[in-house]
Amino acid sequence: MTTVDRAAAAPPVRDQSAKRRWVGQSIRRVEDPKFLLGRGGYIADRITPSCLHAAVLRSPHAHARIVRIEAAQAKAAPGVHAVITGAEAAELCDPMPDFGPDPARHTWRCLAAEKVRYVGEGVAVVVADSRYLAEDALELIEVSYEPLPAVTDPERALAEGAPLVHEALESNCAYERTFDFGDVDRDFAEADLVVRDRLRWHRSGGQPLETVGAIAEYDPGTGSFTIDTNTLSFTSYLFMAAGTLKVPVNKLDIRPVPAGGSFGSKLFANKPAVIAAMCARQTGRKVAYLEDRVDNISNCDHHGSDRVYEVELAVMRDGTMRGIKIDVIDDYGAYIQFGVGHHGNALAQVVGPYTIGSVRYRVRAALTNKNQQGAYRGFGSEVNNWMLEQMVELAARELGLDPVAVRRKNFIRDFPHFIPTGNVYDSGDYDRVLDKALELADYGHWRAEQKRLREEEGRYIGIGLISAQERSVFSATEFWFWFDEPGAPVTSTPESVSLKVDATGGITAILYSCAFWGNSPETMVSQFVAEEFDCSPYDVSVVYHGSRDGLPATGPGGSRTTVMLAGAVEGAAGKIKEKARRAAAHLLEIDPDDMEWSDGGFQVRGDPERKKSLAEIAIALHLFKHSFPADMESGLDESKVFDHPYTTMPSADRKDLGVFYPFMGHACHVPVVEVDIETGAVTFLHYAAVHDCGTLVNPRSLAGHIVGGTAQGIGTALYEEYVYDDDGQLLSSSYLDYLIPSAMEVPELVIGHVETPSPYTPHGVKGGGEGGRMMAPAAINAAVNDALYPLGVRLTELPMTPERILSALRAAGPMGGRAG
Amino acid sequence: MKPPPFSYAAPTSLAEAVGLLTEHAEAEPRVLAGGQSLIPLMNFRLAKPGYLIDLRNVAGLSGIRREGDILVIGAMTRMSEVERSAEVAVAAPLLAEAVGFIAHTPVRNSGTVGGSLAHADPAAELPAVALASDADLVAAGPGGTRRIAAAEFFTGPFSTALAPEEILTEIRLPVWPGGHAFVEFSRIHANFAVVGVAALIDLDGDRIRRAALALTGVAPTAIRAAAAEGVLAGADAADVTAAAAEAAGAAAEGLTPAGDLHASPQTRLALARTYLRRGIELATSRARNER
Amino acid sequence: MAPTTCTISVTVNGRPHVAEVEPRRLLVDFLREDLGLPGTHIGCEHGVCGTCTVLLNGASIRSCITFAVQADGAEISTVEGLARGGEFHPLQDEFSAKQGLQCGYCTPGMLMRACEIIAENPDPTPAEVRSAIASNLCRCTGYQFITEAVIAAAARMRATKEVAS
């Protein structure tokens, strides 16, 4: 059972009442000027004339043995320096880093060696003087395949007799376990009603406008690789990438460059870096490998969740929700690099904002002949939000209760609140968010309009209202609490910042592994540093350090960056101030305890006349060693390796997973849609979104993420899907068919902010970058169902394409279908 | 996604261009107009012409002029010019409206009317406009020029009646006196049409004298909806809803549209009926308002 | 067999260039690599996303589906030509003020398209701006702050024209 004393394990509660000068300001972003000038320095911008270029030959088959590859003609083609087949790559490189349940049996390589497992899997790479010449040579490579039957439906993949994606695994089920939290059987026995449904969420993905790329160099003199790439994260795990490249860790330096978007898809995306590095070592030259769009759509290794749910929700007649039984099959594709971590994200907030007392969670990871899943904004928790809110809506309908009232009936109101899985919600005020959302949504007006437009004009308007969680800052325990005897029960997820004060008092902040993806790490850090040191955020210089001689760091993901950078900056600043205090005290010949920080420097307590500014302290420390005691080193730089501030261990029986995602944000989205029942088109009439991510560092920036995340949620709800046919052919292989919302598909959002600070983090910040996408699919599905309720139609499959909507209307019969 | 290599010429006369097509026939030559359809195919390496003949410098291939009751548009006229043309707005408003559905402004700045027609995408807008308008397409080849009726021009998906050495030089659209509508269903704004309808309605008093209807996206080429046109003849323009629905139903009979990831055949049929009805209603209402 | 090349003359951001290019060389690669102007980005290479948008003789085009040879004799404007004398163009300044960018990758194409939008319609409504920028995909911002930035820039540019005239 639970072994943790919950009260004792929590970090100290902080006083968040301080007045802030920079945190909370919607300042212009520090990052912007270079991007506006077209000098962003993205990976493709760093290609030099001396670079060679790689292009990858991809499999046209979903599942096939590679019988033979003839590369002689390609090798002889103009401008070609090397051709490396998958079999050759398997000699040059070890398998890719893999956090999956059984990497020896679902082995993943940078290029397929013996067989291909999805359309688009790379089988060979050409290195040539230009990308044009490399692609010309690709066409000269002859590959003989022996096609094998493919499986693309996860339920069929788990059935008897399905073609095996990995023979060594002897099954297409890579992981299966049922977790029980609380007393599920009692809650279901005592329920007045059990509401059941089957739900299907198809995979979409981040699809940033910039693909993944890397430029690699190998120095045979030192045996070292230097790789510039737009993906860098989990520095401490980069020994795995070094292992892949068969070099010692201290001979691998991965240096981050700004990325044109990620949304998760550049998280630990090491395959292009490995391919570029392998080619660099073989050719003795600098090699650039930039995915093109087709490479990325078919082969990015970051498809999103792909789930089939069978759910039962136990409720009382008065709307109280007692327990939930979730049976989920997740189609992971041909590999499973992050294990079932996406379900940890779900379990962190599996009961949503509700006092549901028990949870049974059965998860099965199915392998199929598709590109594997990776990370996509929400990392699996957005799917849980959608599933849960669909069930709440269904329960409200079946009980004949108002959906807003059902939510209020079940809201958690006491914080910190431990949910049945063991995770904690640190703070929140769900009523306040809901109230504000109802107000901004003009809810009463739209309910009246809905009725009027249906009666007077036969139009189908729907209002979706959902309340859901947006967790932030994952713990490492989420990687391994899936196993009773994990091989590596890791507990570190650090973030580091070094602060250097130069002789003029100027501050440089060094970030490690903290990629720029469109999140605003420089602005965040500059605002935190400005808050600490009373300088202008625009005077702070922020640099990104490579991995080899950098401090441990994890990077963005799970909306952790703001909190972790806040902690690292606070820690480093604290150390700087400690030394600066001692130095100032020494210079002024005062006891350090009689000094206080005030307005950019240390002064004698209450006496601004006797003060040393940071610049005065800094120049003294840099240049006047003899002015200080012998034990005080020159300079003024300090680092903080800040680790997750609130993690507790899971119990041995896994009935309590501990605290692993404590900083819990919350939001309410209220879209108003119209469904054209002749075409299946869904248009937005209004959209209100209220988010609570604790204290906001830069409110405008967070609002931008809410809109952008909602736009991606609209894509997931209505337009975007990686569509594979029964033979495993990827039908949505370009932007002609993988449909990204334009400005005409995304409405203007009315945005509200609520701030209930976290008691545990600097300034009370929580993460919030993923929230929009974690809410929108649930809200839009609810809205469409609300619109179609009079026709007896309920959509339970995303995306809700015109085809799916019209099919459902046809199936509903004469009430539903409408001929032209 | 870089295109494969090709030989290239940018001739300055039509005769030279036709000559090059003939001379380099074995290299699978193609003409390059705006490139907005061809170049993406080349970037995918789905099209690999050995020779590209760029028409950008050939004199006399672009421009919009009126020849009596015919609006003549040079094949190399950019779509954006057609979209903005006062002449087109008056003489062929169906065309002006349809062009507004073709992708986005940047594509229309480069893309040409002739390029789109010669590309003959089964879901493209302009072939439907040409069919509904009973346009003639003029081709120049080694043997001289000839006129091809739109009804004969589109022979299959991405194929036309143009011979390999022929170049489309102009489109001749009869001016239409009545109401017009181009409507289409696309999943994302300005994306390619799942289904599109070109409708022209001519009135005699309050009765429909003549209708010309064409569909795109429902067959291997854009098609004329002759059966639907028959239903509408003589219909009451003041209350056209029932006739429009009946006409739409008649058009759907015998249509066997393909299915793809965006729409099943059944959905395409339903959308065709819906958009035919909507196009007829809109064109009729405009015809009435313009009297 | 060595590929044949063509000689092209293009003026880019006011500066004339003469260059030898393979006919198949895409305009976006010519600008980025041959002329050292990496501000124009590659998003999809099949003409859908608009990331590669530049102006050709003042009209927006997609440089990933245009050959460099098709720009012979033309005047091209890219993002590198917007700022003058160390000062942001009003569009650049308003994109910063309104936070109309996050990752910045779609931004150069969006800025060039916005130049054309305002040139054609100096006083656009938000709906008109939204409809016009539908040509350019953005994955980060959801378009709201971009729309605000374009409206604000248009207002400033009108005011400057009024002052100038």
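What follows draws every value from the coordinates through simple rules; no lab data is involved. Bear in mind that the values here come from a model prediction, so they are computed numbers and not experimental data. A quick note on method: Cβ atoms are made from the backbone with ideal geometry, for glycine too, and the neighbour counts reach across all protein chains shown.
Taking 0.36 nm per residue of separation and subtracting the Cα-Cα distance, full extension of the segment from A:SER598 to A:ASP539 would add 19.4 nm. Backbone geometry of region C:96-104 corresponds, through the Karplus equation with coefficients 6.51, -1.76 and 1.60 at θ = phi - 60°, to 3J(HN,Hα) couplings of 6, 4, 8, 6, x, 8, 10, 8, x Hz, x marking Gly and Pro.
How big is the dipole moment of region C:6-81 about its Cα centre under a simple scheme where the beta carbon of each Lys and Arg is +1, that of each Asp and Glu is -1, and everything else is neutral? Debye, nearest 20, please. Numbers along the way, then the final one.
Numbers: 5 positive and 9 negative charges, 31 e Å.
That gives a dipole near 140 debye.
With only the Cα atoms considered, region B:191-291 has a convex hull volume of 83 Å³ per residue. Once the gyration tensor of the Cα atoms in the protein assembly as shown is diagonalised, the equivalent ellipsoid follows with semi-axes of 51, 38, 32 Å, ordered largest first.
Looking at the P(r) of region B:80-191, how many percent of alpha-carbon pairs lie beyond 17 Å? Walk me through the numbers on the way to the answer.
Details: 3395 of 6216 pairs.
For region B:80-191, the share of Cα pairs beyond 17 Å comes to 55 percent.
Per residue, the Cα convex hull of region A:428-547 amounts to 239 Å³.
For n ≥ 4 DSSP H runs only, could you compute -39500 (n - 2.57) per run for chain A, divide by its residues and tell me the 222 nm figure to the nearest 500?
-8000 deg cm²/dmol
Each residue of region A:194-200 is assigned a 3J(HN,Hα), and the resulting list reads 10, 9, 10, 7, 10, 10, 9 Hz, derived from the Karplus form 6.51 cos²θ - 1.76 cosθ + 1.60 (θ = phi - 60°), x at Gly and Pro.
Rounded to the nearest 500 deg cm²/dmol, what is the calculated helix-only ellipticity per residue at 222 nm for chain C, with -39500 (n - 2.57) per DSSP H run of length n ≥ 4? Walk me through the intermediate numbers first.
Numbers: 4 runs with 51 residues, N = 165.
After summing the helix terms and dividing by residue count, I get -9500 deg cm²/dmol.
What whole number of Å gives the distance from the Cα centroid of region A:414-475 to the Cα centroid of region B:23-86? If you average the Cα positions of each part, the centres end up 53 Å apart.
For the ranges B:222-232, A:703-713, what's the packing order if you count other beta-carbon atoms within 10 Å of each residue, average per peptide, and put the highest first?
Working: B:222-232: 21.5, A:703-713: 28.5.
In descending order of packing, they fall as A:703-713, B:222-232.
Peptide B:272-281 has a mean shielding of 2, counted as Cβ atoms of other protein chains within 10 Å of each residue's Cβ. Using Cα centres only, tell me the gap between region A:499-565 and region A:28-71 in whole Å. Taking the Cα centre of region A:28-71 as reference, the centre of region A:499-565 is 27 Å away.
Report, in debye and to the nearest 20, how large the dipole of the protein assembly as shown comes out about its Cα centre when Lys and Arg carry +1 and Asp and Glu carry -1 on their Cβ. Working shown, then result.
Working: 118 positive and 160 negative charges, 128 e Å.
It works out to roughly 620 debye.
The ellipsoid equivalent to the alpha-carbon distribution of region A:511-651 has semi-axes of 31, 16, 16 angstrom, derived from the gyration tensor eigenvalues as √(5λ) and listed largest first.
Based on the inverse mean of 1/r over its pairs of different Cα atoms, what is the Kirkwood hydrodynamic radius of chain C, in Å? Across chain C, the inverse of the average 1/r is 16.4 Å. Exposure proxy ranking for B:VAL72, C:VAL150, based on other Cβ atoms within 10 angstrom of each Cβ and starting from the fewest, stands as B:VAL72, C:VAL150. Taken about its Cα centre, region C:90-159 carries a charge dipole of roughly 160 debye when the Cβ of each Lys and Arg holds +1 and the Cβ of each Asp and Glu holds -1.
Over all projection directions, the Cα-based convex hull of chain B averages an area of 14.8 nm². Contact order for chain B, expressed relative to its length and based on alpha carbon pairs under 8 Å spaced 6+ residues apart, stands at 15 percent. When the Cα positions of A:ASN423, A:GLY771, A:GLY464 are compared along the charge dipole of chain A, A:GLY771 comes out farthest toward the positive end, with charges on each C-beta of Lys, Arg, Asp and Glu. Annotation: lysines with alpha-carbon distance below 20 angstrom to C:LYS161 (same-chain offsets under eight excluded): none found. Sites listed here are GluC sites (Glu not before Pro) in region A:368-405 whose DSSP assignment is loop and whose Cβ has at most 11 other Cβ atoms within 10 Å, and the list is empty. Whole-Hz Karplus values for region C:13-20 come out as 6, x, 9, x, 9, 10, 8, 9 Hz, taken residue by residue from phi with 6.51 cos²θ - 1.76 cosθ + 1.60 and θ = phi - 60°; glycine and proline positions read x. The residue list C:ALA159, C:PRO108, C:PRO126 was ranked by how far each Cα lies along the charge dipole of region C:90-159 toward its positive end, using unit charges on Cβ atoms, and C:PRO108 comes out on top.
Give me Rg/Rg_expected for region C:6-81, where Rg uses Cα atoms only and Rg_expected = 2.2 N^0.38 Å with N residues.
Details: Rg = 10.9 Å, N = 76, 2.2 N^0.38 = 11.4 Å.
The reported ratio for this selection is 0.95.
Checked against a 31 Å cut-off, the cross-linked pairs A:LYS286/A:LYS766; A:LYS246/A:LYS370; A:LYS19/A:LYS640; A:LYS611/A:LYS640; A:LYS436/A:LYS766 give Cα-Cα distances beyond that limit for A:LYS286/A:LYS766. Over all directions, the projected convex hull of the C-alpha atoms in region A:594-713 averages 16.7 nm² in area. Projecting the Cα atoms of A:TYR332, A:SER547, A:VAL294 onto the charge dipole of chain A (Cβ charges, centred on the Cα centre) puts A:SER547 farthest toward the positive pole.
I want to verify the translational diffusion coefficient of region C:90-159 in µm²/s; compute it with Stokes-Einstein, Rh as the Kirkwood radius over Cα pairs, at 10 °C and 1.306 mPa s. Mind showing how you got there, number by number?
On the way: Rh = 11.5 Å.
So the translational diffusion coefficient is about 138 µm²/s.
What separates the Cα centres of region A:334-358 and region B:260-275 is a distance of 38 Å.
The mean count of C-beta atoms from other chains within 10 Å of the C-beta of residues in C:54-65, rounded to a whole number, is 5.
Only lysines eight or more places from B:LYS2 in sequence, or on another chain, were considered; those with a Cα closer than 17 Å are B:LYS48. Convex hull volume of the Cα atoms of region A:32-132, normalised per residue: 161 Å³.
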